[in-house]
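Note sheet for the following structure.
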Amino acid sequence: MAPELLEGSENFRTTKASDVYALAMTYLSTGTEQEPFAMYENTNKAAAAARKGDRPAPVSKINQLSPSMTGGFWTILEEMWCQEPSDRLSAEEVGVLVDTLLSPYNS
């Protein structure tokens, strides 16, 4: 869940930016087969870390991606989970960047 949704407001609503944050965490979890904040011993500590701006540590390999593609994909993830919602990539930008990154696999 995006950090802005963890603030405890009774009237919070998801946004396109919070969806992009969630998508980044989904990509990471699918690609590494690990929970994004597995280094924390419980969900509350993981949520507190996300609220203060902590993010998962970089990984050296994401499933079927080469090391260089893993680096490129990590850069995309970092732009998807910016602390400030307005700094995150849009879903459309994510699509273009991921398509470009994976184009060698589509040949």
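The values are calculated or read from the model by the stated rules, or taken from the named source; none is laboratory data. Not measured: the values here are computed from a predicted model. We place every Cβ from the backbone using ideal geometry, glycine too, and count neighbours over all the protein chains shown.
Details
- The lone exception for TYR40 - which of (1) without any contact (Cβ under 8 Å) to a residue 24 or more places away in the chain; (2) exposed (fewer than 13 other Cβ atoms within 10 Å of the Cβ); (3) not aliphatic (A, V, I, L, M) it fails: (2)
- Any chance THR26 is surrounded by fewer than 18 Cβ atoms within 10 Å (Cβ to Cβ), more than 11 Å from the chain's Cα centre (by Cα) and at pLDDT 85 or above: no
- Residue in segment 5-14 that is loosely packed, with under 13 Cβ neighbours inside 10 Å, modelled with pLDDT of 90 or more and either more than 11 Å from the chain's Cα centre (by Cα) or part of a loop (DSSP other than H, G, I, E, B) (or both) present: no
- Any hit, segment 79-100, residues being in a loop (DSSP other than H, G, I, E, B) and on the phi > 0 side of the Ramachandran plot: no
For (1) in a helix (DSSP H, G or I); (2) in contact with a Cys (Cβ under 7 Å, 6 or more places away or on another chain); (3) surrounded by fewer than 14 Cβ atoms within 10 Å (Cβ to Cβ), each residue gets a yes or a no:
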site: ALA17; (1), (2), (3): yes, no, no
site: THR30; (1), (2), (3): yes, no, yes
site: LYS45; (1), (2), (3): yes, no, yes
site: GLY53; (1), (2), (3): no, no, yes
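- Within segment 57-89, restricting attention to residues that are hydroxyl-bearing (Ser, Thr, Tyr) and farther than 18 Å from ASP99 by Cβ, the residue that is modelled with the lowest pLDDT is SER60.
- The conditions of being touching a residue at least 40 places away in the same chain (Cβ under 8 Å) and more than 22 Å from ALA91 (Cα to Cα) are not met by ALA17.
- Subset of segment 86-97 [buried (at least 16 other Cβ atoms within 10 Å of the Cβ) and touching a residue at least 24 places away in the same chain (Cβ under 8 Å)]: ARG88, LEU89, VAL94
- Residue match in segment 61-69 (condition: surrounded by fewer than 17 Cβ atoms within 10 Å (Cβ to Cβ), in contact with a Ser or Thr (Cβ under 9 Å, 6 or more places away or on another chain) and in a helix (DSSP H, G or I)): yes
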